[in-house]
Amino acid sequence: MFKNARTYLLFLGIVAPLCASADDDSQSLAKFKGGIGVIPVSSAPGPAPTAAVVNRNIVRGVQPPGQIWVIEDLRADVKADGSIRVDGRGLLLGGGNGIGGNANARVFATLICEAVAPFIERNTTLTGVALEADGDFHIDDVLTPAPADCASPVLLIRNAANQGWFAAGIPKR
């Protein structure tokens with residue numbers, strides 16, 4: 001099949017990484033591509049133009065912050081052993097006097113796998129990582145507790161100061 005050792009080595013150099021990459025994907029429990037920034041209020045009941053009561057945008061028991069946040073991009077991969085890598089870009093305030101800033105925030109990730117309560121929050125280190133001035137961040141950690149299975153994955157990026165959620169990952173199907 002191969003005319004010489006050089007051709008064989010070239011073949012291995014191309015095929016071996018492809019096999020490793022395919023193997024790597026098979027160990028993924030959940031993947032996320034893209035992100036959604038938080039809008040703290042999801043609705044206001046009733047016909048009044050200025051509602052005194054609002055419905056907060058609570059996701060699987062996790063409270064939102066007091067202000068809108070936007071995110072440019074988010075990529076995350078959760079492995080079966082609970083290890084998680086998250087790359088976020090442009091997580092910044094989307095309203096208020098600090099608009100366009102990072103509010104000197106630190107963030108951590110939470111994976112919730114249950115579609116109905118009770119919800120189990122599987123977290124990275126709660127002290128979090130600092131947002132860069134442009135809102136970029138990188139999390140390379142292990143979720144505690146580690147997930148055994150994840151039928152309905154929701155990934156939240158949360159504020160280390162008050163644990164409100166800033167952004168959510170879009171599941172890659």
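The values are calculated or read from the model by the stated rules, or taken from the named source; none is laboratory data. These figures come from a predicted structure and were not determined experimentally. In this analysis, Cβ positions are derived from the backbone assuming ideal geometry, glycine residues included, and neighbour counts consider all displayed protein chains.
Just one of the numbered conditions (1) touching a Cys at 6+ places or on another chain (Cβ under 8 Å); (2) over 21 Å from residue 61 (Cβ atoms) is not true of residue 173: (1).
Taking the range 114-151 as the range and being crowded, with 17+ Cβ neighbours inside 10 Å, part of a loop (DSSP other than H, G, I, E, B) and among the β-branched types (Val, Ile, Thr) as the test, only 124 passes.
Please enumerate the residues belonging to the range 69-84 that are part of a loop (DSSP other than H, G, I, E, B) and surrounded by fewer than 19 Cβ atoms within 10 Å (Cβ to Cβ). Passing the criteria: 72, 80, 81, 82. Selection of the range 32-50 for residues being at pLDDT below 95 and either touching a strand residue (DSSP E or B) at 6+ places or on another chain (Cβ under 9 Å) or part of a strand (DSSP E or B) (or both) yields 39, 40, 41, 42, 43, 44, 45.
All told, residue 130 falls short of being within 23 Å of residue 60 (Cβ to Cβ) and out of contact with any Cys (no Cβ under 6 Å at 6 or more places or on another chain). Sub-6 Å Cβ pairs linking a first residue in the range 112-139 that is at positive phi to a second residue that is part of a loop (DSSP other than H, G, I, E, B) and of a type in the set (Lys, Arg), at least 6 apart or interchain, number zero. Within the option set 133, 80, 160, being over 11 Å from the mean Cα position of the chain (by Cα), aliphatic (A, V, I, L, M) and modelled with pLDDT under 95 holds for one residue only, 80. Scan the range 161-168 and tell me whether some residue there is more than 14 Å from residue 38 (Cβ to Cβ) and either in contact (Cβ under 8 Å) with a residue 24 or more places away in the chain or touching a Leu at 6+ places or on another chain (Cβ under 6 Å) (or both). Taking every residue of the range 161-168 in turn, at least one turns out to be more than 14 Å from residue 38 (Cβ to Cβ) and either in contact (Cβ under 8 Å) with a residue 24 or more places away in the chain or touching a Leu at 6+ places or on another chain (Cβ under 6 Å) (or both).
Residues that are in a strand (DSSP E or B) and of a type in the set (Val, Ile, Thr) were ranked within the range 85-113; the one that is surrounded by the fewest Cβ atoms within 10 Å (Cβ to Cβ) is 112.
Filter the range 113-139 down to the residues that are over 17 Å from residue 80 (Cβ atoms) and either touching a helix residue (DSSP H, G or I) at 6+ places or on another chain (Cβ under 9 Å) or of a type in the set (A, V, I, L, M, F, W, C) (or both) and list them by number.
Those that are over 17 Å from residue 80 (Cβ atoms) and either touching a helix residue (DSSP H, G or I) at 6+ places or on another chain (Cβ under 9 Å) or of a type in the set (A, V, I, L, M, F, W, C) (or both): 115, 116, 117, 119, 126, 129, 130, 131, 133, 137, 139.
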